[in-house]
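The values are calculated or read from the model by the stated rules, or taken from the named source; none is laboratory data. Bear in mind the structure is a predicted one, so any value in this text is a computation, not a measurement. As a convention, Cβ positions derive from the backbone with ideal geometry for all residues, glycine included, and neighbour counts pool all protein chains shown.
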């Protein structure tokens, strides 16, 4: 599946063929997909400096088989990586989500609960966009603490947690409900200091991991076009569309591979004691991970949009109305890439470059 020469060594250590094969045997029920997530967590590397290539390759391989499965797996692996960086153990057999979104009209606050212990908090309010909250055992959830935000580990199987799966009416990923969750005095344990989750390099890397899923999902769609083109070698339209798709996917892969190689680059030999934990990818402090992540995500989004449009326009309505797997992939991927905010994210790139630079020209 991997062809870019920019991939770091960690990517070559991942058996994407085995991941693809195993993912293909997974059922569509949430618990089936979460069982696969636990299996993958035991075989594929978690995202950190030195293993980013492997982590991204594994996610892409899952998405190439099943986009909704990748949408289930990615936050579980992300949560385990975050917990490992924070030095917080995950309960055996647990399944995790990461609920960090904000939305107008919804606020989640954290209040210390000294009666329960020095590190005990209670969460109250509503958290939007909580994928699979009714099926997970735990979640990492951001909440407001004073003027900042902090990350908390929450056992979802406790009184005070109310999941609103019925609010999810999407045609893409219909069995990965991502409705809001109300929390009423729910017990929570801090993971990292206030602000740590959002400011660490790993936050930006996680966003690139999502883009790896987009790319993998587009690879799966491209395979549909390749089979169609192979069945009709006389069609110049199909061959041209396949050629354009090859170029788009190569551009996206190069973006991901280059970012992975940047993350996996070891710390400088002369790094001093203030340079941070190698697992956080801290080098000399000059790396603008926010810019790297956003440029990578936007490049992948552009390529995936082009593949979606080109493949659907070329294969026509037939597969979309008669092949459940193709119809689901198109709907799932079209919704998934909307985690990128299009023009708003491009404006974010422009602001970063205007304020801090970051480009060679």
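Quick look at the values:
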| quantity | calculated |
| --- | --- |
| Residue tally, condition in a strand (DSSP E or B) and buried (at least 16 other Cβ atoms within 10 Å of the Cβ), over region 156-179 | 2 |
| Count of residues meeting criterion [surrounded by 12 or more Cβ atoms within 10 Å (Cβ to Cβ), in contact with a helix residue (DSSP H, G or I) (Cβ under 6 Å, 6 or more places away or on another chain) and farther than 13 Å from residue 75 by Cβ] in region 21-43 | 2 |
| Subset of region 111-155 that is within 21 Å of residue 93 (Cα to Cα) and in a loop (DSSP other than H, G, I, E, B) - its residue that is nearest to the chain's Cα centre (by Cα) | 131 |
| All helices (runs of 4 or more DSSP H) inside region 1-92 with 3 or more residues being in contact with a strand residue (DSSP E or B) (Cβ under 6 Å, 6 or more places away or on another chain) | 67-86 |
| Selected residue (only one of 327, 293 is farther than 22 Å from residue 197 by Cβ and modelled with pLDDT of 95 or more) | 327 |
| Boolean, residue 287 is closer than 19 Å to residue 46 by Cα, modelled with pLDDT under 95 and surrounded by fewer than 18 Cβ atoms within 10 Å (Cβ to Cβ) | no |
